[in-house]
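Note sheet for the following structure.
The values are calculated or read from the model by the stated rules, or taken from the named source; none is laboratory data. Just so we're clear, the structure is a prediction, and the values are computed from it rather than from any experiment. Ideal geometry is used to build each Cβ from the backbone, glycine not excepted, and the neighbour counts take in all protein chains shown. Each accessible area value is taken on the protein alone, full model and side chains, heavy atoms only, with ligands, DNA and RNA left out. Shrake-Rupley method; radii C 1.70, N 1.55, O 1.52, S 1.80 Å.
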Amino acid sequence: MRKILYPIFYSVVVLCVFALQVNAQPAEKILIKGRIIDSKDKLPVIGATVVEQDADKRTITGVATDIDGNFAIKVSDVSHKLSISIIGYKTKLLDIGTRRVFNTTLESNSNSLSEVTVTARQQTNNGSGLVIDKRDQTTSTVTLNAKDVEELQATTIDQAIQGRLPGVDIVSNSGDPGAGMSIKIRGTSSLNGATNPLIVVDGVPFETTVPAGFNFGTADNTQYADLLSIAPSDIRDISILKDAAATAVWGSRASNGVLIINTKRGARGAPTISYTFKGTLTQQPGGIPLLSGDQYSTFIPEMFMNVNGTPLNTLTVKEFAYDDRDLYYYNNYSQNTDWVKAISRTGNVTDNNLSISGGGDKARYFASVGYNGQTGTTIGTGLNRLNTRLNLDYIVSDKIRFTTFVAYTHSNTEYNFGNDKINGSGRDNVRNIAALRMPNSSIYEYNEFGLLTPNYFSPASNVQGQYTLTPASTTFNPVAMVNSAQNNLVNDRIVPHFYLQYSIVPNVLNATSDVVFDINNGKQSRFLPLTATGRPFTENTVNRAYDSDYDTYAVSTKTNFVFTPRSSEKHSFTGLLSLQTNDVKSVTQTQLITNTASDLLQDPSSPGRTNANDAITSPLSQVRSMAALINGQYKYLDRYIINVALRGDGSSLFGSNKRYGLFPSVSGRWRVSGEPFMKKFSKWLDDFSIRGSYGESGGTPRDPYLFYNTYVPTSTNYLGLSGLYSNNIQLDNLKWETLQGLDAGINLIMFNNRLNIDFGVYRNRTKDLLTPNLAVSSFNGYNSVLLNVGTLDNQGFEFSVFSTPYKSKNLIVEFNFNISNNINALRSVSPYYPTQSGNVTQNGEYLSLLQINNPLGSFYGYKFKGVYKDGNATVATDANGNKILSPDGVPVQMRFNYPATDYVFQPGDSMYEDINHDGNINYQDVVYLGNGSPKFTGGFGPAITLMGNLKVQAYFNFRTGGQIINGTRISTTSQYDFNNQSTAVLRRWRTPGDETDVPRALYRAGYNWLGSDRYVEDGTFLRFRSITARYTFAKSLARRLKTKNLSMYVTAENLLTFTRYTGQDPEVATTGEGIGQKAIDYSTTPPLKQFTLGLSASF
Amino acid sequence: MFKKKIYKVLVFSILAISASSCGKYLELRPQDGIIREKFWQSKEQLQSAVIGCYNAMMVSAGSRPSPAESFFVWGELRGDMIEPGLGASIDEVNVVNGNILPTNGVTDWRNFYRVINLCNTVLDFGPGVKSVDNTLSQEQLNAFLGEALTLRALMYFYLVRSFGDVPLKIKSTSSDEELVQLAKSSQKDVLNQIVADLKLAEGYSVASFGNNAYDKGRVTKFTVNALQADVYLWMDNYTECIAACDKIINSGRYGLVTGNSGWFPAVFATGNSSEGIFELQFDQQILNPYFAMFATTRRRYAANTIVADEFYTVDLLDENNKDIRGLDAALKVGDQTIYKYLGLSANNSRTQDVSYAHWIFYRYADVLLMKAEACANANRGQETLDIISTIRTRARALPGSALTPATTDVNGLTDYVLAERARELAYEGKRWYDLLRNAKRNNFARLDILSTAAVRVVPAANQQSALNKLKDPNSLYFPIFQYEIQTDPNLIQNPFYK
């Protein structure tokens, strides 16, 4: 504890020493009297504040006027000033001097109730504390204001900024409530798992990772939206730092880019109350059409018969007997159940937000409370979130200023149950199981007399399989699962942030200090009920209750000194010294109990059995880091701007030999338009600049203590003796991952800001890639290791246009467009890195090959040519199309993987192209099929403002290129097991001569669904992301309704998607790591159609 | 002016203090484990590390099969006594059909090498404990080292019998500096290492821990002897094999449990009987993997239909006259359930929550039959017949399963021992290794043993291709799992699978 306190203590003390410098001049008090009256009606002003102020405008003492406007105050120094203020009047500042009686008037100020901030130039901030004019920016940074996104039904800000910023690729992992997004800024620069950017809130990094030991056990790889629990309506602006020179000031954690978020603050004026309401209906788009129960039960026996010619024995497989004397089986297995429909519903979202802001000369406030309630389109999913925020500014004097930000969020997210054993694969997702579940089985059980009971029909096992923890063929009753299982996460997070600003030398040297405490507690409760799986009570999958709890406590400090010497016409300079520390401590506890007595006992404190591994775990981890940053920006003649920074970082994640890292950066801007020779264009050219930058930033591993070899206890005893084993490889060579970024760009502003063009190219090279789960030969005793190996490049361009093509009093037309492209390629790898993954001799698998300098995410497979229509077609042919004959004249049949597998293709089997015409389909016939990375991504949209109060805004986003493996189509047309199939299989091959593209059904045999281009589809799409019509009531009308501002709007989102992709949604996040990464679509809940009605009013 | 000086002094002194305390501030250690610098300090820690090696044979790291599961799968899947059930994975079906590819998950040896590495860790760091902990005697240290040496030898023995040539690693890996990319060592070299390790272990190990459960569950001198017998028999070194068997037989510590209805519960359901030499002891805390393999409706394995009729034979006149090792012991006849790990007695079977039947590596009957096999090949045919007779009498074997080879008929004796081992040690993970050992003897003189076995089990559609593959002796060993080939350029795939 003492160690934690040291850096905080130091940084606070530094400022306190400055701040508490008070001119201690004991002096006699002097009495001053007076009366305040209104300048117009001459009536006394009651309750006006009369304050003695020193030269720094610090309040020394103060009184209020009485009912007659009289006051009396004892001042300590006659050189001070007297300030008289009250809301509604202009503040008056008077010298005291020798005057002892002040009878004065105050002027009414009713027209300037709210503060009008006139900022000549928009300013940007890289979050570190250095404030720079936007027009002098040397790096690639984009900023989005709250206005731009407030109409969207965005629960989190990542949803709000999706598709609006060039070079920022945000893909939703799932449309379920509470599901997060994967944010990629200029591609994936790391293989280290975490690809989300660093998020800086109000100048201090915000933890967005959960403790390593916490087991989410989610149904798919959705991240948790609670991690960024800031209500979009509290946000003033969001900036994204893209190039390495901009992110270098954040050093060790910034290699994935930086997102800067500033929250709203109070402004001087009477209280302004704002209320916004959003109500949304959400609808699940239609999925792949599946077989009905009747179609399914004619399909299955055929599939079985095709293998050996022996019929399915319906005496033992009674699911297909349809014997009406056996009422139990007959009724339970003769239904036409649409499982997907049975677990879906129309979802809704309501969002209420109330905020109040205002303040006086000394104190300003912004407070908000918001409630967001969602029910998902899958039964059992939902989100309830309460946000509160209080931002207080107190201006002690011109020199000292305190700010406090306190944010509290409580959220309760309900997910569908997911099995922790296959966390992340998405395959036991309830929607996926529902799609594959036998459609002839019943939701509720019929008893042996054929009567419907209210019990769920969850047989312990049937021909389709059973529930297992290691899912070879997991299945369960999806309706029972969504209704009686539970998986919810309750999160409480409170973030108090204290900020102190002190002007050591006014307008020249400022010091600021931030201390942020972040207390983040979450508890996930999961319960797997017997009713969903039907497993016998002797098994430990029954009534399995999990609790997982994490408590994170983080302290961050930042102490800044900003030096701004008075600039002359020619030179200007700003410098920054920043000292930062960060300490994150987390405890995770999990508990597990199985076989509780009832479905209703869902808490692991209930008695049960615990003969399962990891019944109780409680890992603890702590990570500390500290950093120092020097940053300066120099401008000469308003034309030549250079920014230099150097950051040093130390982190406890590394061993003592590699603990510190240095991250320099340099960037510059040449304002060509400012040159004398450009003067002639100055009529229409506002700004033309060229900028370039180089910077380094670092990456750390996710888990602590990797440089130790740790011995941990075995989870069970042997012969009553406890054991220990060596758990990991000690990483002696662990070091920083370094990203070196090069960036060049052009800014062009023309026609009086009507056309604003930004173009940039970049190359981010990541060296010493931290590669986790690097496969090592298992004779080393471990499966995988994390090593610093290889070099990864991300390169591409970004282009954006903001334009106002037409502007008149009654009509403003704006049009924005952005497009970007990112290519990543491995430049070198370690010899330990497996050069291929995937197995082309197995159905459903694609090959990934590592080729240096080629983009990651490429996959290879066979060419699908249709189906062998008859016995004649299966004969092998040579390059000229002639049949190949054996030496004794017998036609040679096409074979698969001779000699190891040696399967002879039969009529009705899938036909793959025999590239080398050797009559043998094997690895030599595997060709390049595609790459999951899109070519271009971007968005565009017009905004039209009519008569100043009706604004219609539309937004489209698009991705071009990128091949997606349609995983759902693989599993719904494989015709390989008892899973339900799509209606495409109705046109399967059945008798010789059939010409079709769907092969015959073969139960667990054949090679009909090898990884081929049959399942690879183009992921290009154009999505009509949103359209909003907002009507702002005219001021006069609004005032009659007793409001200051009043507006209403309707928004429709995800209305239309233009794509040739046949799966649910073409926006698929890449799964897998390293070379194995592919875009495989397993049909998680796609982005939903949403209709929002909104109202916002301020009083 | 003075104020500014104070600021300067303050700022610099604070910076200086911060800088000097940086190192300590950033020094953090894990709290839910012991780091190596603090481990290997006492004999208790040494014992825990040894126990960890046993534990590693029972658990799977990652989703790969545990060694305990592979003991069964490797030993039986290519044999002729089981057939895949509805729950068998495609990989397992492919092994039965003789269609084994390097991508077949059954061939994943990862968890064996995990045990080997843990043993190596004990062998590398264990001797250093003595210099720190004075209460650790040389005998105690040796006993611990003997356990680690024997377990390592046992793991390598499984690997060479299944894969032929395998990488031989006898140094532990504890840091990323020590990662290596090895080539394969020849089967002969690995076996020599095993023999050397066992010689050392024989001298190190205790004869008894003074506790019956420990004597059966941990490595004793006789565990080492039993393993030596098996290894020498594999190496066709009959003299040494017989010598090792005799050490056990003459120790007087082991005997055959009487062959009545109590035999099955005593040896298999309860375990640690007088017959047991080395048993992996599952218990309430750690259940064995076998229940799920045989018991569920979607079981992975069932007994081959011919086992009851052709292996044990049936007395058509008196159904109660039966070989005690067959029906209701090795298997259930009605639904072909493999019963050895499920039964508590003939009619009373386990439920999943008590499925902790031991895995028996070696028991006395096994040792006797190993000696019988060695004798058959060492011109001591009469002893072979005597031992078989002892085993059969105890088991009340039926006359239908008796053979009458001459004492000089090596082939006939071999077939008889092999058949008797199948009956005695059914489903104890021995069958494939027995078939292969006898087939490979004298430069694969008896490949007919394997083709006879294949005919019994491979489905008609795959039979020809399976029989053809068996003609190539290289196909008798598993391929090296694709994962290993991908991670190590020095590893060369076994010849048949290139």
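General remarks:
- With the whole protein complex present, B:Lys371 retains an accessible surface near 30 Å², based on a 1.4 Å probe.
- Each residue was assigned an accessible area with a 1.4 Å probe, and for A:Lys362 the value is about 50 Å².
- Ratio Rg/Rh [Cα only; Rh per Kirkwood] for the range B:193-274: 1.02
- Reduced Cα scattering model of chain B, Debye log10 I(q)/I(0), q = 0.06, 0.07, 0.09, 0.11 Å⁻¹: -0.31, -0.40, -0.64, -0.94
- Column: log10 I(q)/I(0), Debye, Cα scatterers of the range B:395-445, q = 0.20 Å⁻¹: -0.77
- Value of Rg to Rh for the range A:347-423 (Rh from inverse mean 1/r over Cα pairs, i.e. Kirkwood): 1.25
- Note on the protein assembly as shown: semi-axes of the ellipsoid equivalent to its C-alpha gyration tensor, largest first and rounded to whole Å, are 71, 39, 31.
- The translational diffusion coefficient of the range A:817-923, from Stokes-Einstein at 37 °C and 0.692 mPa s with a Kirkwood hydrodynamic radius over alpha carbon pairs, comes to 199 µm²/s.
- Taken per residue, the accessible surface of the range B:37-126 reaches 23 Å², heavy atoms only and a 1.4 Å probe.
- Counting only protein chain heavy atoms and rolling a 1.4 Å probe, the accessible areas of A:Met305, A:Met894 rank, largest first, as A:Met305, A:Met894.
- Put simply, the Cα atoms of the range A:508-655 extend 84, 30, 25 Å along their principal axes, the longest span coming first.
- Stokes-Einstein D (µm²/s) once Rh is taken as the Kirkwood radius of the range B:85-191 over alpha-carbon pairs, at 4 °C in 1.567 mPa s: 80
- Solvent-accessible ranking of A:Met626, A:Met481, largest area first, probe 1.4 Å: A:Met626, A:Met481
- Note on B:Leu467: accessible area is roughly 40 Å² with a 1.4 Å probe, heavy atoms of protein only.
- In terms of distances greater than 18 angstrom between alpha carbons, the cross-link table entries A:Lys33/A:Lys74; A:Lys735/B:Lys169; A:Lys57/A:Lys362; A:Lys735/A:Lys1078; B:Lys184/B:Lys430 yield A:Lys735/B:Lys169; A:Lys735/A:Lys1078; B:Lys184/B:Lys430.
- Averaging the Cα positions of each part gives two centres, and for the range A:432-453 and the range B:185-233 these lie 56 Å apart.
- Within 10 Å of the Cβ of each residue in B:41-54, the mean number of Cβ atoms contributed by other protein chains is 4.
- Tilt relative to chain B, helix B:410-424 - C-alpha long axis, 0 to 90 degrees, to 10: 70
- With 5 Å bins beginning at zero, the pair-distance distribution over Cα atoms of the range A:951-1018 amounts to 3, 14, 20, 21, 12, 8, 6, 5, 4, 3, 2, 1, 0 %.
- The simple Förster model, with R0 at 30 Å and r as the Cβ-Cβ distance, assigns A:Asp66 and A:Lys90 a FRET efficiency of 0.90.
- The H on the amide N of B:Arg350, modeled in the peptide plane, is under 5 Å from the matching H of B:Gly343, B:Leu344, each at least 5 residues off or on a different chain.
- Computed on protein heavy atoms with a 1.4 Å probe, the accessible areas place A:Trp736, A:Trp1009 in the order A:Trp1009, A:Trp736, largest first.
- Square roots of five times the Cα gyration tensor eigenvalues for the range A:639-686, Å: 45, 8, 5
- Principal axis dimensions, the range B:219-320 - Cα atoms, whole angstrom, descending: 43, 43, 29
- Cross-link check: pairs A:Lys523/A:Lys585; B:Lys216/B:Lys322; B:Lys469/B:Lys498; A:Lys264/A:Lys1035; A:Lys184/A:Lys278 evaluated at a Cα-Cα cut-off of 18 Å; pairs beyond the cut-off: B:Lys216/B:Lys322; A:Lys264/A:Lys1035; A:Lys184/A:Lys278.
- Estimated Rh, the range B:367-492: Kirkwood, alpha-carbon pairs, angstrom: 16.4
- Ratio Rg/Rh, restricted to the range A:921-1035 and using Cα atoms, in which Rh is the Kirkwood radius: 1.26
- Acute angle (nearest 10 degrees) that the helix A:293-308 long axis makes with the longest principal axis of chain A, alpha-carbon atoms: 50
- The Cα trace of the range A:620-741 gives Rg and Dmax of 25.4, 92 Å, the first to one decimal, the second as a whole number.
- Hz values of 3J(HN,Hα) by residue in the range A:50-65 - Karplus curve (6.51, -1.76, 1.60), Gly and Pro given as x: 10, 9, 8, 10, 8, 4, 8, 6, 7, 6, 9, 7, x, 9, 10, 6
- Equivalent ellipsoid semi-axes, the range A:799-867, via Cα gyration tensor eigenvalues times 5, rooted, Å: 47, 20, 8
- Put simply, the convex hull of the Cα atoms in the range A:668-822 casts, on average, a shadow of 16.4 nm².
- Stokes-Einstein D (µm²/s) once Rh is taken as the Kirkwood radius of the range A:242-308 over alpha-carbon pairs, at 20 °C in 1.002 mPa s: 106
- Among the listed pairs B:Lys199/B:Lys371; A:Lys134/A:Lys1044; A:Lys658/B:Lys171; B:Lys43/B:Lys221; A:Lys134/A:Lys635, those beyond 25 Å (Cα-Cα): A:Lys134/A:Lys1044; A:Lys658/B:Lys171
- For q = 0.12, 0.13, 0.15 Å⁻¹, Debye-computed log10 I/I(0) when each Cα of the range A:277-397 counts as one equal scatterer: -0.71, -0.77, -0.87
- Among beta bridges that DSSP assigns inside the protein assembly as shown, antiparallel share in %, nearest 5: 95
- Volume per residue that the Cα convex hull of the range A:31-100 spans, once the total is divided by residue count, Å³: 82
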